[in-house]
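See structure below.
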Amino acid sequence: MGKITLKDIAAKTGYSISTISRSLSDNNRIPLETREEIKKIAKELNYTIDINARNLSKKSSNTIGVFMQDDFFKIPHSTFTNVFWSTLHEEIQLKKYEPALYLFKNTEDFKYKVSQLFNSGVIDGIIIFSKMLTNSEIEFLKEMKYPYSLLYYGPEKYSEEVFTADNYSAGKIITQYLLNRNLKSILTITTDMTPSFKMRTLGFKHALEENGMTFNENSIIKSSPSFENGVAIAHELYGKLGTIDAIFAQHDIWALGLIKGFNDLGVKIPDEVSIIGHDNLSFKNWFSPELTSFTIETKKICFDAIESLIEDKIYQRKKIPTSKTLGTLILGKSVK
């Protein structure tokens, strides 16, 4: 039997070719039961979407959709998110495309919006900046042949597809910097919210072990990222300062809270305790002493994700390998 077409599926199911096409594109105007029935028959017939024919039949919209989960524009994510969105906006325009921002509440909302936008020809491809997506949503994108790039976050199964920062090396570099300054008793503040924090913690642990030090779980403080929690942790640690040389806060928002909390308590930073952060937030200069932090190379991460989307996924001209980009230590005055 030759290549299966929409006409063959229509003959098998009794539905019109337009209904078949919309169902295979997961168009929500077609009832879910009908879509599932048609997809099942298409699979049985070994039907595959001809992406080249689909791309030729559609005019380019010259627009790239940037999909972010809606709570990313709320504290504590908002500053970090705004940096990525402004960078994406600029870099997409430099590629002669128009950026369009779309927010989604949950994975069903994501799939619905993506389907609607692709099916109506509004976008040519998408960049996803979200820690919400699971393997199921990525497999949906692959099945529908929707061009996409994963930025900073992605489900573990597809971690090799994510353009992100080298958080493991960041954790090691920061810890080694403190050790090189003879600061041996180090605590780190982290969370299990994302793989990024887990990798920074792993880098912290390995740096200690590589320097012949025993890693102790008590050196990890877990908290949700907020300025208020940083202040609270400073007050909790106040009575232990004689035994603590430095604190590696894995998000600047904690570190700035620590500075505020210790300043209120009359603790001299860095003479009595050193503090180092991560993310190099722009408003860290509002605090004294100025925070030493680790910056993420946002521009390169965004550039690589956009380049991959356009050159590899949309036009299939060249393969762009995924990468983990190493950041830079930005020295302030909060480390002895």
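The values are calculated or read from the model by the stated rules, or taken from the named source; none is laboratory data. Model, not experiment: these values are computed from the prediction. Glycine also receives a Cβ, built like all others from the backbone with ideal geometry; neighbour counts cover every protein chain displayed. Please note that ligands, DNA and RNA were not included when accessible areas were found on the heavy atoms of the full protein model with its side chains. Shrake-Rupley method; radii C 1.70, N 1.55, O 1.52, S 1.80 Å.
Surface composition of the chain: carbon and sulfur make up 51 percent of the accessible area, probe 1.4 Å.
Starting from the eigenvalues of the Cα gyration tensor, five times each then square-rooted, give me the equivalent ellipsoid semi-axes of region 82-131, largest first, whole Å. Walk me through the intermediate numbers first.
On the way: eigenvalues 82, 46, 8 Å².
Ellipsoid half-lengths, sorted descending, are 20, 15, 6 Å.
Each residue of region 160-166 is assigned a 3J(HN,Hα), and the resulting list reads 6, 8, 8, 8, 8, 8, 7 Hz, derived from the Karplus form 6.51 cos²θ - 1.76 cosθ + 1.60 (θ = phi - 60°), x at Gly and Pro.
What is the Cα convex hull volume of region 204-281 when expressed per residue in Å³? Display every interim value, and only then the final one.
Values: hull volume 7.9 nm³, N = 78.
That works out to 101 Å³ per residue.
Tally Lys and Arg at +1 and Asp and Glu at -1 over the other residues with C-beta under 13 Å from the C-beta of Leu178: what net charge comes out? Can you show the working numbers first?
Details: positive: Lys172, Arg181, Lys184, Lys336; negative: Asp245.
Summing Lys and Arg as +1 and Asp and Glu as -1 gives +3.
Can you work out D for region 245-336 in µm² s⁻¹ from Stokes-Einstein, where Rh is the Kirkwood radius over C-alpha pairs, the temperature is 37 °C and the viscosity is 0.692 mPa s? It would help to have the intermediate numbers written out before the result.
Details: Rh = 14.9 Å.
In µm²/s, the coefficient is 221.
Only aspartates and glutamates eight or more places from Lys222 in sequence, or on another chain, were considered; those with a Cα closer than 20 Å are Asp192, Glu236, Asp245, Asp252, Asp279.
What net charge is computed for the residues neighbouring Ile310, neighbours being all others with C-beta under 12 Å from the C-beta of Ile310, Lys and Arg scored +1, Asp and Glu -1?
Working: positive: Lys95, Lys96, Lys313, Arg317, Lys318; negative: Glu91, Asp124, Asp304, Glu307, Glu311, Asp312.
Net charge around Ile310: -1.
Evaluated at q = 0.09, 0.11 Å⁻¹, the base-10 log of the normalised Debye intensity for the chain, with identical point scatterers placed on the Cα atoms, takes the values -0.58, -0.77. If you take the charge dipole of the chain about its Cα centre, with +1 on Lys and Arg Cβ and -1 on Asp and Glu Cβ, which of Gly277, Ile174, Tyr315 is farthest toward its positive end? Toward the positive end, the furthest listed residue is Tyr315.
Over the chain, average the accessible area per residue using a 1.4 Å probe and give it in Å², no decimals.
Working: 16120 Å² over 336 residues.
Each residue of the chain exposes 48 Å² on average to a 1.4 Å probe.
The convex hull built on the alpha-carbon positions of region 173-227 has an orientation-averaged projected area of 4.0 nm². Against the main long axis of the alpha-carbon atoms of the chain, helix 107-119 sits at an angle near 50°. Which lysines does Lys284 reach when only Cα atoms under 17 Å apart count, and residues fewer than 8 places away in its own chain are ignored? Correct list for Lys284: Lys260, Lys333. The C-alpha atoms of the chain define a longest principal axis, and helix 227-237 lies at about 40 degrees to it. Based on alpha-carbon atoms, the Kirkwood radius and the radius of gyration of region 137-203 give Rg/Rh equal to 1.17.
Straight-line reach from Lys299: taking Cα to Cα under 19 Å and skipping same-chain neighbours fewer than 8 places apart, the lysines in range are Lys95, Lys96, Lys324.
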